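Novice: Take this structure, written in structure tokens, and hold onto it; I'll ask about it next.
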Amino acid sequence: QVQLVESGGGLVQPGGSLTLSCTASGSNILNMGWYRQAPGQERAFVAVVLSTGTTLYADSVKGRFTASRDNAKNIISLQMNNLKVEDTAIYYCNAYVEVGGRATAYWGQGTQVTVSS
């Protein structure tokens, strides 16, 4: 069983910065990433660091958010700069874990990010 624990959410003014972190327990972790869900909307992809080291971003956060991963500690961080009101959402950590030869998705409990003046 893999558990994901997030930290770092909060309230920030537009143009400000926040850093989210997620620590995963367990082993055989493949990709790690972030999704977010705004009120009344579906959960949406934000960023992912693949097991190869490649990092991918949603177009809406490119150039503002940076995802980084420490494979030795199973930690993924999300540095968020120049935050906008529309970045307000619950942010969820996601990890794909190899279990029995299959990739299984796990989710954190979510951390609230509010961008408001």
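Novice: Just a yes or no: is a residue in segment 3-19 under 24 Å from residue 99 (Cβ atoms), of a type in the set (D, E, K, R) and either in contact with a helix residue (DSSP H, G or I) (Cβ under 7 Å, 6 or more places away or on another chain) or open to solvent by less than 50 Å² (accessible area, probe 1.4 Å) (or both)?
Specialist: Yes.
Novice: Among the residues of segment 51-62, are any basic (Lys, Arg) and open to solvent by 50 Å² or more (accessible area, probe 1.4 Å)? I'd like the intermediate steps shown before the answer.
Specialist: Within segment 51-62, the first condition is being basic (Lys, Arg), and the residues that meet it are 62.
Cutting the leftovers down to open to solvent by 50 Å² or more (accessible area, probe 1.4 Å) gives us 62.
Yes, there is a match, as at least one residue in segment 51-62 is basic (Lys, Arg) and open to solvent by 50 Å² or more (accessible area, probe 1.4 Å).
Novice: Can residue 44 be described as open to solvent by 30 Å² or more (accessible area, probe 1.4 Å), of a type in the set (Gly, Ala, Ser) and at pLDDT 95 or above?
Specialist: yes
Novice: Restricting segment 75-117 to residues that are assigned to a loop (DSSP other than H, G, I, E, B) and open to solvent by less than 70 Å² (accessible area, probe 1.4 Å), which is farthest from residue 48 (Cα to Cα)?
Specialist: The residue in question is 116.
Novice: Follow-up question, since we're still on this one. Keeping to segment 51-67, report how many residues are closer than 15 Å to residue 29 by Cβ and modelled with pLDDT of 95 or more.
Specialist: Count: 1.
Novice: Which members of segment 49-74 meet the condition of being in contact (Cβ under 8 Å) with a residue 24 or more places away in the chain and assigned to a strand (DSSP E or B)?
Specialist: 49, 67, 69
Novice: Output the residues belonging to segment 63-74 that are among the polar types (S, T, N, Q) and open to solvent by less than 80 Å² (accessible area, probe 1.4 Å).
Specialist: Result: 66, 68, 74.
The values are calculated or read from the model by the stated rules, or taken from the named source; none is laboratory data. In this text, all values refer to a predicted model and were calculated from it rather than measured experimentally. Ideal geometry is used to build each Cβ from the backbone, glycine not excepted, and the neighbour counts take in all protein chains shown. Ligands, DNA and RNA are stripped out before the accessible areas are found, and what is left, the full protein with its side chains, is counted by its heavy atoms. Shrake-Rupley method; radii C 1.70, N 1.55, O 1.52, S 1.80 Å.
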